């Protein structure tokens with residue numbers, strides 16, 4: 001039996017080809033493909049006239065996680081807010097929330113926030129100032145940040161507000177009339 005000698009360059013080439021076949025799922029393999037392209041996770045906010053509550057893509061959004069900033073524009077005497085956010089759970093999932101930088105605490109007031117998944121594709125959100133009077137949202141100011149993670153390689157999901165109220169500092173707090181709420185849409189691809 002004759003032994004065939006292969007040069008080191010040929011051996012390296014064979015090793016790289018074998019690795020490529022293994023990583024790509026093999027010849028005709030039914031395994032999951034390796035995704036090498038970056039994930040695009042966009043959020044297109046809907047805007048409207050004031051007084052309003054609107055959404056925007058947060059600066060700390062990444063390829064897999066989108067921060068949705070919720071802003072209040074031109075609303076006076078705000079003590080707190082309560083609302084639901086509806087979304088498509090086959091496209092995105094709720095991760096967490098953050099109130100750092102919320103205008104509700106910009107004067108040093110303590111705020112009590114919560115955001116939790118209360119149904120399939122629904123988050124209940126509340127944030128209020130504790131032991132303080134209402135605060136004016138002159139211009140566009142941050143209320144709260146909600147983070148979502150993509151759960152699909154591509155798709156869309158509307159982000160819609162429901163059961164929404166901004167509350168004033170009356171005793172007891174009353175819904176502030178005339179505020180329009182505008183959501184947006186996730187675009188995952």
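The values are calculated or read from the model by the stated rules, or taken from the named source; none is laboratory data. Since we're looking at a predicted model, the values are computed, not measured. We place every Cβ from the backbone using ideal geometry, glycine too, and count neighbours over all the protein chains shown.
Observations
- If the condition is being over 15 Å from the mean Cα position of the chain (by Cα) and modelled with pLDDT of 55 or more, then region 34-48 contributes 47, 48.
- Looking only at region 176-188, and only at residues there that are farther than 16 Å from residue 45 by Cβ and surrounded by 13 or more Cβ atoms within 10 Å (Cβ to Cβ), the one that is farthest from the chain's Cα centre (by Cα): 176
- Within region 147-164, the residues that satisfy the criterion of being in contact (Cβ under 8 Å) with a residue 60 or more places away in the chain and not in a strand (DSSP E or B) are 151, 152, 153.
- For region 114-125, the criterion of being assigned by TED's automatic domain parsing to the domain that holds residue 52, in a loop (DSSP other than H, G, I, E, B) and surrounded by 15 or more Cβ atoms within 10 Å (Cβ to Cβ) is met by at least one residue.
- Every condition in (1) modelled with pLDDT under 95; (2) buried (at least 16 other Cβ atoms within 10 Å of the Cβ); (3) within 20 Å of residue 65 (Cα to Cα) holds for residue 132 except the one numbered (3).
- Single residue of region 68-113 satisfying the filter (in contact with a helix residue (DSSP H, G or I) (Cβ under 9 Å, 6 or more places away or on another chain) and not in a strand (DSSP E or B)) that is surrounded by the most Cβ atoms within 10 Å (Cβ to Cβ): 79
- Residue 189 vs. criteria in contact (Cβ under 8 Å) with a residue 24 or more places away in the chain and more than 24 Å from residue 64 (Cβ to Cβ): no
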